[in-house]
Amino acid sequence: MQATRSRAKRRAILSWIPTAVIALICAGVVLGAFTMQNSWWVQPDARPAADQEAADGMSIFDVSGVHWFTRQGVVKVSLRADSTATAELGLESDGSTRIEPIVPIDAVVLTPDGVLTFDSVSSIDVATAEGRVASVTIGQDGNGAWTSAFARLQTVAESWGWTPEQLDALVADLAAASREGGGTAYSADLPAVDVRGARASARMHVDTAAASTTLSFTIAVPKAGLLLPGRRVW
């Protein structure tokens, strides 16, 4: 009889466990929703704090700054002579910083003589020299499709100064690189051209194992004479 009562008591206790777990989950959801409701992430009129955006409106690349421009959906970088010092941008005086947003965003690059804009940005590499931003590399994911990435390149080629012959040479270089590398991962580059007071080059990278094709543009200022890892930009 005692054993029967004990089993019944255990069953009664266990029957409450699922209800308690569900209650805890619901409480967590409510708390999370309340927290997000009061967070600048979802406030349509949110303004950046001093540690989220530089005084001139350029993006800051520490954790807080990355959160801000990811939420805003646009990263802003200046290559002009009067650009904000790297110390105020969360960057090293001399080095390279890579950011891969959790979702694709847009990018705005201020050049000495104009502005360059990019959409569907999947990565940003910012290179610095002597306390200033010297170059920025914008990566755009072609959704795994070579045709999509190449069509994007063709869209800007004419206005930036690349010729149809240079695009044909890029395709030939990719084919040669594919054969030499066994067809797994290979790249080819377009030569640097002058674009709005800066120097721009482009790279197409194909990774068949990852089923991805990435198009990247490197924009550098003439005074930099800088080398990015694995890539000459000047």
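Details
- With a 1.4 Å probe rolled over the protein heavy atoms of all chains, the accessible area of R132, R98, R152 falls in the order R98, R132, R152, largest first.
- Taking only the C-alpha atoms of the stretch 61-158, Rg followed by Dmax gives 13.9, 40 Å.
- Model label points for S148 and Q72, set 7 angstrom from Cα along the Cα-to-Cβ axis, are 2.7 nm apart.
- Amide proton proximity set for S123, modelled H, under 5 Å, gap of 5+: G139
- FRET efficiency for the S123 to A87 pair, using the beta carbon distance and R₀ = 22 Å, is estimated at 0.40.
- D (Stokes-Einstein, µm²/s), Kirkwood Cα radius, the stretch 145-212, 0.692 mPa s at 37 °C: 260 µm²/s
- Calculated FRET efficiency, D51 to D113, Cβ-Cβ distance, R0 = 30 Å: about 0.45 to the nearest 0.05.
- Using a probe radius of 1.4 angstrom, the carbon and sulfur fraction of the accessible surface of the stretch 108-171 is 49%.
The values are calculated or read from the model by the stated rules, or taken from the named source; none is laboratory data. Computed from a predicted model, the values in this text were never measured in an experiment. Cβ atoms come from the backbone with ideal geometry, glycine included; neighbour counts cover every protein chain shown. Ligands, DNA and RNA are excluded from the accessible area calculation, which covers all protein heavy atoms including side chains. Shrake-Rupley method; radii C 1.70, N 1.55, O 1.52, S 1.80 Å.
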